[in-house]
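The values are calculated or read from the model by the stated rules, or taken from the named source; none is laboratory data. A quick note: this is a predicted structure, and the numbers were derived from the prediction, not measured. Backbone-built Cβ (ideal geometry, glycine too); neighbour counts: all protein chains shown. Calculation scope for accessible area: heavy atoms of the full protein, side chains included, ligands and nucleic acids excluded. Shrake-Rupley method; radii C 1.70, N 1.55, O 1.52, S 1.80 Å.
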Amino acid sequence: MDEHKVIDSRGSFCPGPLTDLYAAYKESKVGDVIDLLATDPAAKSDIEAWCKKSGNELVEAKEEQGYTRIIVRINTAPR
Amino acid sequence: MKRMQKKILILGAGTSATMLANDLASKLHKEILNGEISVEVLAENIYHTFQPANLDVAFKGANPGDFVKSEISLLNARVEYVVDAASKISLESNKVTTVSGKEVNYDYLVIATGSVADPSLLEGLEESSLNFHTGPFNAHKIWTAINELKSGTVVISIAGVPHKCPPSPIEASFLLDEFLRRKNLRNDVKIILTTPYARPYSAEPISEVVEPRLKKKGIEIMTFFNVSRVDPQAKKVYSMEGDDVSYDLLIAIPPHRGAKAVIDSGIGGKYGWVPTERDTLQIKGFENAFAMGDATDIPVSKSGVVAHLESEVVSENIIALLRNTGKLVAYNGRINCPMEVGNRHGLFVSATYTSQTQKQTPSILKYVMKKAFGIAYWVVLSGKLNIIMSLYFGKTHYPKVEGEQQAPVS
Ligand SMILES: Cc1cc2nc3c(=O)[nH]c(=O)nc-3n(C[C@H](O)[C@H](O)[C@H](O)COP(=O)(O)OP(=O)(O)OC[C@H]3O[C@@H](n4cnc5c(N)ncnc54)[C@H](O)[C@@H]3O)c2cc1C
């Protein structure tokens with residue numbers, strides 16, 4: 001079954017959110033969805049660039065109360 | 001009737017543990033002398049290493065033995081120092097079991113067991129790479145290898161995050177460049193730095209300063225490169241993102257984990273980063289147990305400066321609990337990592353939980369300050385420079401306001 005994980009990186013500056021995302025990516029498979037909650041303003045653009053590079057998809061970056069929910073779909077398994 | 005003695009048990013004998021033990025021994029000297037309190041350090045071995053010097057050993061040929069001292073010479077005589085590593089920590093029963101099988105009960109516990117750079121965590125890494133994160137004697141192997149180098153490609157690879165001293169891969173790249181230039185070999189040896197991040201240094205304001213300098217030195221950068229494995233036969237490093245790079249010499253920053261005793265005790269999951277309240281440094285769910293330095297899961301850099309500043313918070317909080325004052329203090333997340341950026345210039349990556357690193361101009365003065373901190377290290381451990389250090393760092397902890405959530409970074 002595809003998994004939907006939520007990772008809370010709120011309150012941590014770069015590289016915290018990316019580090020958390022990498023740890024989740026390592027354990028993921030195609031079809032999984034990762035919601036990363038971040039307060040770091042650089043997180044969205046960094047994750048967007050990483051998705052492009054790694055063949056994954058930034059589905060949405062939603063502004064919620066005081067943080068951004070960044071939704072990533074795993075389209076390419078870690079090699 | 002004489003009161004029962006209270007034991008403060010500190011696991012580890014590195015930067016944070018030594019500072020804390022000495023601070024408590026000084027602030028609680030009366031209670032220790034009259035037998036009310038004991039401060040005990042449980043150590044793995046008799047040594048204390050000044051880890052930042054590993055870079056000088058690896059790339060400048062410094063003598064590895066010069067940066068190792070015996071821990072006992074660094075500890076206040078009122079501290080009980082026992083070389084018998086912890087093997088199992090039972091937070092629920094306030095008890096630590098040691099490798100010799102002894103059970104030590106405590107009233108207050110501090111986990112200061114640091115982090116371990118562990119090349120065995122990645123396929124092929126141990127047999128293929130050298131590193132300067134597993135001690136000065138291993139760092140010396142880099143010095144030998146670069147002295148034998150005549151041509152080819154050196155890959156400096158961040159093979160796992162988080163790791164100790166985030167600036168160290170950038171520093172290594174500049175130092176290797178300088179070494180090769182001195183040997184007139186720079187045109188024959190390529191330097192490639194691989195990083196999992198979007199830019200040469202993770203924090204953008206610092207990367208903006210460092211990137212042009214790296215370019216000027218001809219140091220190539222491969223970004224978004226999360227090492228997945230190394231093929232020692234093919235001499236290739238592969239990334240989770242699908243890239244690869246060939247090397248003649250591989251210098252890796254190995255993946256890190258917490259201490260084995262922490263992992264074996266079921267604390268902090270697979271990698272053993274102790275779940276820690278980022279303000280009071282209490283282990284989550286335990287009022288009388290703390291973690292500090294590299295051992296925690298707090299998302300600040302794993303650095304000596306953090307270890308130092310956190311040891312002050314833990315000291316204040318243990319004393320507050322002992323004396324029942326109810327006045328806990330909260331760490332503000334201050335980091336202050338020095339970074340050498342070539343040509344004897346340096347800068348400091350400085351931030352708190354609520355303020356980001358700012359762009360800055362590297363200078364010779366900051367380089368000299370980094371070197372001065374290195375020289376002062378052994379004295380800093382004793383606490384004798386506390387006044388100077390607190391003038392430099394300013395206030396790094398505040399009274400904890402009950403019920404207050406850590407202000408989220410905005
Ligand atoms: C190459 C390099 C460069 C660095 N440069 C800098 C720098 O410029 N500035 C800076 O601030 N920091 C720097 N650091 C980082 C700094 O050295 C560490 O972050 C700091 O020492 C962490 O302190 P600590 O007390 O958490 O852990 P450590 O000082 O690593 O101590 C951990 C202690 O725990 C002990 N231990 C482990 N397991 C057990 C057990 N089961 N029982 C008992 N004891 C145990 C160990 O033996 C050790 O004594 C650098 C590190 C490296 C490797």
Would you mind stating whether B:Ile32 is farther than 30 Å from B:Asn147 by Cβ, touching a Leu at 6+ places or on another chain (Cβ under 6 Å) and crowded, with 20+ Cβ neighbours inside 10 Å? no
Report, by residue number, each residue of segment B:73-106 that is open to solvent by less than 20 Å² (accessible area, probe 1.4 Å) and among the acidic types (Asp, Glu). B:Asp84
Working only within segment B:210-220, note down all residues that are within 24 Å of A:Pro41 (Cα to Cα) and buried (at least 19 other Cβ atoms within 10 Å of the Cβ). B:Val210
Search result, residues across segment B:84-95 that are of a type in the set (A, V, I, L, M, F, W, C) and more than 13 Å from B:Ala17 (Cβ to Cβ): B:Ile89, B:Leu91
Can you find a residue in segment B:340-354 that is outside any strand (DSSP E or B), open to solvent by 50 Å² or more (accessible area, probe 1.4 Å), within 28 Å of A:Cys14 (Cβ to Cβ) and among the polar types (S, T, N, Q)? yes
For segment B:21-46, give me each residue that is in contact with a strand residue (DSSP E or B) (Cβ under 6 Å, 6 or more places away or on another chain) and either more than 8 Å from the ligand (Cβ to nearest atom) or not in a strand (DSSP E or B) (or both). B:Ala21, B:Leu24, B:Ala25, B:Leu28, B:Glu31, B:Ile37, B:Ser38, B:Val39, B:Glu40, B:Val41, B:Ile46
Only one of B:Gly293, B:Gly266 is buried (at least 24 other Cβ atoms within 10 Å of the Cβ) and either more than 11 Å from the ligand (Cβ to nearest atom) or away from chain A (no Cβ under 14 Å) (or both), namely B:Gly293
Hey, does segment B:107-118 have a residue that's within 18 Å of B:Ile37 (Cβ to Cβ), open to solvent by 40 Å² or more (accessible area, probe 1.4 Å) and assigned to a strand (DSSP E or B)? no
Single residue of B:Asn336, B:Asn324 found to be of a type outside the set (A, V, I, L, M, F, W, C) and without any contact (Cβ under 8 Å) to a residue 12 or more places away in the chain: B:Asn324
Taking B:Ile253 as the residue in question, decide whether it is more than 14 Å from chain A (Cβ to nearest Cβ), under 21 Å from the mean Cα position of the chain (by Cα) and not small (Gly, Ala, Ser). no
Within segment B:121-138, can you find the residues that are among the aliphatic types (A, V, I, L, M) and crowded, with 18+ Cβ neighbours inside 10 Å? B:Leu122, B:Leu125, B:Leu130
Just to be sure, is B:Gly383 open to solvent by 20 Å² or more (accessible area, probe 1.4 Å) and on the phi > 0 side of the Ramachandran plot? yes
Taking B:Pro275 as meeting all but one of (1) more than 23 Å from B:Ser390 (Cβ to Cβ); (2) out of contact with any Phe, Trp or Tyr (no Cβ under 8 Å at 6 or more places or on another chain); (3) open to solvent by less than 20 Å² (accessible area, probe 1.4 Å); (4) not acidic (Asp, Glu), write down the number of the exception. (3)
Please work out which residue is least open to solvent (accessible area, probe 1.4 Å), limiting yourself to segment B:48-72 and to residues that are more than 19 Å from B:Ser303 (Cα to Cα) and in a strand (DSSP E or B). B:Ser70
Here are some residues: B:Val274, B:Val349, B:Val305. Which one is within 14 Å of the ligand (Cβ to nearest atom), more than 26 Å from B:Ala21 (Cβ to Cβ) and not hydroxyl-bearing (Ser, Thr, Tyr)? B:Val349
